[in-house]
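Novice: Okay, handing you the structure first.
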Amino acid sequence: ASATIHIDPARHVSEVDPRIYSGFTEHMGRCIYGGIYDPDNQHGLSDPKTGLRTDVAAALKDLNVPIYRYPGGNFVSSYRWQDGVGPKENRPRRPELAWLTEESNQFGTDEFMTFCRAMGAEPFICLNMGTGTLEDALAWLEYCNSSANTYYATMRRKNGHEEPYNVKYWSLGNEVWGPWQIGQQSSEDYSKKALQWAKALKLLDPSIKLISCGETGHADWDRVTLRTLAPVVDYHSIHIYTVSQGHHEVNVNGPAAAEKALEITKSLIELAKIEAGLDKDITVCFDEWNVWDPVRAPGEKGAEEHYDLSDALAVASWLNVFVRKADVVKIACIAQSVNVISPIITSPQGLFKQTTYYPLQLFANLMQGTSLDIHVESPSYTEATVPVWVAKLEKYTPDAQKLTKFIDVSAVLSGTAGQESEVRVAIVNRHAQQSFEVPIRVGPTWELVKGAKVKVYEVWSESLKDSNWFNKEKVKTVEREVDFDGSYNVKAHSFQILVHKV
Ligand code: AHR
């Protein structure tokens, strides 16, 4: 089979915001305890001073994560941040209502800030709009960001942290629309409340960036909340998880839903700005995304997914969406960073990198720069091959021609103008059996010319079901250099990034 990729280096979509490669650490399952934090240190893997797992930190560092979202997720909606600061022996153990566990509070705000510093990342706090009050939220902001001579700023200093943390990103609740959420509200009630919270938070610290709680980006909730909150927020958050339901075709087509959602969210943001007469930037903070089958890996049991090659290809397709939509999505947080629906799985003795780690690492390190407009000629899935997917999405993809192409692509131009730069092309061949011969045409004047040396980073394995385990990483990146003759043979069910100097 064949497909052609056309890349126009003159048509810039937008700069790829490095924050689309952000992470998320929730008090859920083994993400914090036994994931990033293991003070017992029985196997000498943790920093004796901070209790942070050094092997986990090293694996995360290779993912270039610029921001970590914390402390939830659903967890935050019954979280008292005050329980998690001060001397550890005084911290209360509480019932935890999101995942029905117990929270020891041995890891809290200060430990999270230590983690972020160690990772060279910025903290992003999601506020409790379930059991939490505006007073609690203001107190948390004061604790984190104030250098005044006031109660919570003084408390932080007494706890040994002289300088404010200057947390820039604050989001107004988590999935407040969901029936599972403690403190679920209607879109109207949430909007009224969030507007008042936003006003007060900005009075205390005008430098912060606020994020409204959206739904999937294409729901009525998004329309209503944006209409009220557009004047006070900088980002609108959306969450989507895609599910394989045991079918590779469904798995790799899922991210198309996110692409459609981003197009709709962009329009809803525009509409809200027009209605409110606003001239300001509001972009999308996609602060939870991933492949997650909650039946296969239930939240109450820690949501430990064991990903295979098919899932890695789905994650690569997700990341292609973010690069193609670089004008709309400026922050995205994979949910989550360790153990819970995560690219990294730990045991007390070590860790392994899941199949999904590798596309994420390649994107975070290579797909930076300017997102380029691309056009792909490729055969597509048909309704006959993806019936479940069609059924699920038809409510907002009525156009059957929107069925996904087998060859899925994003491209960037790296480097600054005038300096040596590279065209980097991320290609997923979603087809389970068929390889494709893919001519790559870059603009009217440049060709990826015959004889050019192209560096290839490939993630592939014999079977779509192949996965990794401790000391057995079967699916990972293989690097090679090829003499490019104008087209590239893309293996069945493979992901690769081609790098060409221009
Ligand atoms: O990431 C797991 C959970 O999924 C989060 O806690 C919640 O926000 C979402 O429903």
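Novice: Provide a single number: the residues in the stretch 204-224 that are touching a Leu at 6+ places or on another chain (Cβ under 9 Å) and more than 14 Å from Leu127 (Cβ to Cβ). So that I can check it myself, show each step before the final result.
Specialist: In the first step, residues of the stretch 204-224 are kept if they are touching a Leu at 6+ places or on another chain (Cβ under 9 Å); the result is 204-205, 208, 210-214, 217-218, 222-223.
Keeping just the survivors that are more than 14 Å from Leu127 (Cβ to Cβ) gives 214, 217-218, 222-223.
So the count comes out to 5.
Novice: Which one is nearest to His27 (Cα to Cα) among residues in the stretch 67-112 that are within 26 Å of the chain's Cα centre (by Cα) and hydroxyl-bearing (Ser, Thr, Tyr)?
Specialist: Result: Tyr70.
Novice: Could you please find all residues in the stretch 276-306 being out of contact with any Cys (no Cβ under 9 Å at 6 or more places or on another chain), within 20 Å of Ser237 (Cβ to Cβ) and away from the ligand (no atom under 11 Å from the Cβ)?
Specialist: Once the filter is applied, which keeps residues that are out of contact with any Cys (no Cβ under 9 Å at 6 or more places or on another chain), within 20 Å of Ser237 (Cβ to Cβ) and away from the ligand (no atom under 11 Å from the Cβ), the stretch 276-306 yields Ala276, Leu278, Lys280, Asp281, Ile282, Thr283, Val284, Val291.
Novice: All but one of (1) closer than 23 Å to Glu270 by Cα; (2) in a helix (DSSP H, G or I) hold for Leu203; state the number of the condition that does not hold.
Specialist: (1)
Novice: Within the set of pairs 6+ apart or on separate chains, which have a first residue in the stretch 174-190 that is in the same structural domain as Ala219 (by TED's automatic domain parsing) and open to solvent by less than 10 Å² (accessible area, probe 1.4 Å), a second that is among the small types (Gly, Ala, Ser) and more than 12 Å from the ligand (Cβ to nearest atom), and C-beta atoms under 7 Å apart?
Specialist: Every condition considered, the pairs that remain are Val176/Gly183.
Novice: Could you pull out every one of the strands (runs of 3 or more DSSP E) wholly within the stretch 325-432 that has 1 or more residues that are modelled with pLDDT of 95 or more and in contact with a Cys (Cβ under 9 Å, 6 or more places away or on another chain)?
Specialist: On the way: elements: 329-334, 344-347, 350-353, 369-377, 407-413, 422-429.
Result: 329-334.
Novice: Given (1) touching a Leu at 6+ places or on another chain (Cβ under 9 Å); (2) crowded, with 24+ Cβ neighbours inside 10 Å, identify the lone condition not met by Val340.
Specialist: Tallying (1) touching a Leu at 6+ places or on another chain (Cβ under 9 Å); (2) crowded, with 24+ Cβ neighbours inside 10 Å, Val340 fails exactly one: (1).
Novice: If you don't mind, another one. Name every residue in the stretch 247-276 that is over 20 Å from Phe406 (Cβ atoms) and either modelled with pLDDT under 90 or not aliphatic (A, V, I, L, M) (or both), in order of residue number.
Specialist: Of everything in the stretch 247-276, those that are over 20 Å from Phe406 (Cβ atoms) and either modelled with pLDDT under 90 or not aliphatic (A, V, I, L, M) (or both) turn out to be Glu263, Thr265, Lys266, Ser267, Glu270, Lys273, Glu275.
Novice: Hey, among Gly178, Gly183, which residue is on the phi > 0 side of the Ramachandran plot and part of a loop (DSSP other than H, G, I, E, B)?
Specialist: Gly183
Novice: In addition: I'm told Asn64 meets every condition in (1) within 23 Å of the chain's Cα centre (by Cα); (2) away from the ligand (no atom under 16 Å from the Cβ); (3) not in a loop (DSSP other than H, G, I, E, B) except one. Can you identify the failing condition by its number?
Specialist: (3)
Novice: Ok, one more. Going by the conditions given, is Cys144 within 16 Å of the ligand (Cβ to nearest atom), of a type in the set (A, V, I, L, M, F, W, C) and under 18 Å from Gly173 (Cβ atoms)?
Specialist: Answer is no for this residue.
Novice: Any residue in the stretch 252-274 that's closer than 13 Å to Arg223 by Cβ: show its pairings with residues that are part of a helix (DSSP H, G or I) at Cβ separation under 7 Å, as long as the two are six or more apart or on different chains.
Specialist: These pairs meet every condition: Thr265/Asp222; Leu268/Asp222; Leu268/Arg223; Leu268/Leu226; Ile269/Leu226; Ala272/Leu226; Ala272/Arg227.
Novice: Taking the stretch 307-327 as the search range and keeping residues that are within 16 Å of the ligand (Cβ to nearest atom) and more than 13 Å from Ala256 (Cα to Cα), which one is surrounded by the most Cβ atoms within 10 Å (Cβ to Cβ)? Even if it seems obvious, please write down each step before you answer.
Specialist: Just the residues of the stretch 307-327 that are within 16 Å of the ligand (Cβ to nearest atom), to begin with: 307, 311, 315, 318.
Adding the requirement that they be more than 13 Å from Ala256 (Cα to Cα) leaves 307, 311.
Working: Tyr307: 24, Asp311: 28.
The extreme case among them is Asp311.
Novice: A follow-up question, please. Please go through (1) over 20 Å from Phe322 (Cβ atoms); (2) out of contact with any Phe, Trp or Tyr (no Cβ under 7 Å at 6 or more places or on another chain); (3) not in a loop (DSSP other than H, G, I, E, B) for Val295 and return the number of the only condition it doesn't satisfy.
Specialist: Unmet for Val295, out of (1) over 20 Å from Phe322 (Cβ atoms); (2) out of contact with any Phe, Trp or Tyr (no Cβ under 7 Å at 6 or more places or on another chain); (3) not in a loop (DSSP other than H, G, I, E, B): (3).
Novice: A further question follows. State all residues of the stretch 263-292 that are aliphatic (A, V, I, L, M) and assigned to a helix (DSSP H, G or I); if no residue qualifies, say none. Step through it out loud before you land on a result.
Specialist: The first filter runs over the stretch 263-292 and keeps only residues aliphatic (A, V, I, L, M), leaving 264, 268-269, 271-272, 274, 276, 278, 282, 284, 291.
Within the stretch 263-292, Ile264, Leu268, Ile269, Leu271, Ala272, Ile274, Ala276 meet the criteria.
The values are calculated or read from the model by the stated rules, or taken from the named source; none is laboratory data. Everything numeric here is computed off the predicted structure, so don't read it as measured data. Backbone-built Cβ (ideal geometry, glycine too); neighbour counts: all protein chains shown. Ligands, DNA and RNA are stripped out before the accessible areas are found, and what is left, the full protein with its side chains, is counted by its heavy atoms. Shrake-Rupley method; radii C 1.70, N 1.55, O 1.52, S 1.80 Å.
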